[in-house]
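Inspection log for the structure reproduced underneath, given as structure tokens.
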Amino acid sequence: MTAASPASSSPLRVAVAGASGRMGRMLIEAILQSKDLALAVALDRPDSPFLGTDPSAFLGHASGIVIESDVRAALAKADCLIDFTRPEGTMDHLAICADLGVKLVIGTTGFSDEQKARIAEYAQRTAVMFSPNMSVGVNVTFKLLEMAAKALSSGYDIEIVEAHHRHKVDAPSGTALKMGEVIAEAQGTKLADRAVYERFGHTGERADNTIGFATVRGGDIIGDHTVIFAGTGERIEISHKSSSRAGYAQGSLRAVRFLAGKASGQFDMYDVLNLR
């Protein structure tokens, strides 16, 4: 069974995974406030205490749907799923999306290389927008880093510092890794050949052409990222700081709208924002 394509005058039917989480709630609020999207499905884990409750109750009004856990049955009612969960859960959801022809916006991070390869395979069967960060501002920052990396290709040491809340389980963040990949690619190299993720004890002098990472975890930090280009006599810093998850939600909705016209293929926020 394939999810029906929405009529041009009908709102796109959107499903949200992890509906009871902070990001899930932010997405639900953004969808309910939009004029061209409709909240069709709210998904959560089978052991969630919120199953059967209205996902918009925290907003003080009723949405007409309840949080459910039967992914296949739920996604049959949707045109697109937005998923900010965990890699294993996202991969399970993606398999079902591919079977049903439901499009998928992936905001989950921490995927292995094997899982990324499987995402590319599934994208041959349905449209997938996969990005380590949905924020419009972050993706503009990626573009600025690309420009800076080309201009500062020699004579500058590169360090990436990221900070997130104490509950984040992967490090460095997907956004920090993407920053490293953007810089390395702009300079004609691969991040895997240059990345330094740990420093401890007598490390010796900094090796040339490396890209260092530093990770901070604490409190309720939404997400801060700074790239330092440290040269002789000067230092250039390019930063993005999030004070709310609202930017991630709005970027996700832009991705949903972008995928509406795609039958299959893997895309990222550069495609959504026309930054190529």
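The values are calculated or read from the model by the stated rules, or taken from the named source; none is laboratory data. Worth saying up front: this structure is predicted, and the values here are computed from it rather than measured. Using ideal geometry, Cβ is built from the backbone for each residue, glycine included, and neighbour counts are taken over all protein chains shown.
The set of residues in segment 59-90 being in a helix (DSSP H, G or I) and out of contact with any Ser or Thr (no Cβ under 9 Å at 6 or more places or on another chain) consists of Leu59, Val71, Arg72, Ala73, Ala74, Leu75, Glu88.
Restricting Leu94, Leu39 to those that are within 21 Å of Arg254 (Cα to Cα), in a helix (DSSP H, G or I) and touching a residue at least 24 places away in the same chain (Cβ under 8 Å) reduces the list to Leu94.
Condition (residue is outside any loop (DSSP other than H, G, I, E, B) and of a type in the set (Lys, Arg)) applied to segment 243-253: is it met by at least one residue? Within segment 243-253, none of the residues are outside any loop (DSSP other than H, G, I, E, B) and of a type in the set (Lys, Arg). Within the option set Ala98, Ala62, being of a type in the set (A, V, I, L, M) and either in contact with a His (Cβ under 8 Å, 6 or more places away or on another chain) or farther than 22 Å from Ser112 by Cβ (or both) holds for one residue only, Ala62.
Looking only at segment 141-171, count every residue that is out of contact with any Asp or Glu (no Cβ under 6 Å at 6 or more places or on another chain) and part of a strand (DSSP E or B) and tell me the total. First the steps, then the outcome.
First pass over segment 141-171, keeping only residues out of contact with any Asp or Glu (no Cβ under 6 Å at 6 or more places or on another chain): 141-162, 164, 166-171.
Filter once more, so that each one left must be part of a strand (DSSP E or B): 157-162, 164.
Selection size over segment 141-171: 7.
Among the candidates Thr215, Thr175, which residue alone is among the polar types (S, T, N, Q), in a helix (DSSP H, G or I) and either touching a residue at least 12 places away in the same chain (Cβ under 8 Å) or exposed (fewer than 11 other Cβ atoms within 10 Å of the Cβ) (or both)? Criteria check complete, one pass: Thr175. Total residues in segment 86-118 satisfying the condition of being modelled with pLDDT of 95 or more, of a type outside the set (Lys, Arg) and crowded, with 21+ Cβ neighbours inside 10 Å: the figure is 8. A single entry from Tyr197, Tyr248, Tyr156 fulfils the requirement of being closer than 15 Å to Thr109 by Cβ and either of a type in the set (Asp, Glu) or outside the structural domain of Ile82 (by TED's automatic domain parsing) (or both): Tyr248. I'd like the residue in segment 115-144 that is basic (Lys, Arg) and touching a residue at least 40 places away in the same chain (Cβ under 8 Å) and, out of all such residues, is farthest from Ile96 (Cα to Cα). Per the criteria, the residue is Lys143. For segment 215-232, a residue qualifies if it is in contact with a helix residue (DSSP H, G or I) (Cβ under 9 Å, 6 or more places away or on another chain) and modelled with pLDDT of 95 or more, and the qualifying residues are Thr215, His225, Val227, Phe229.
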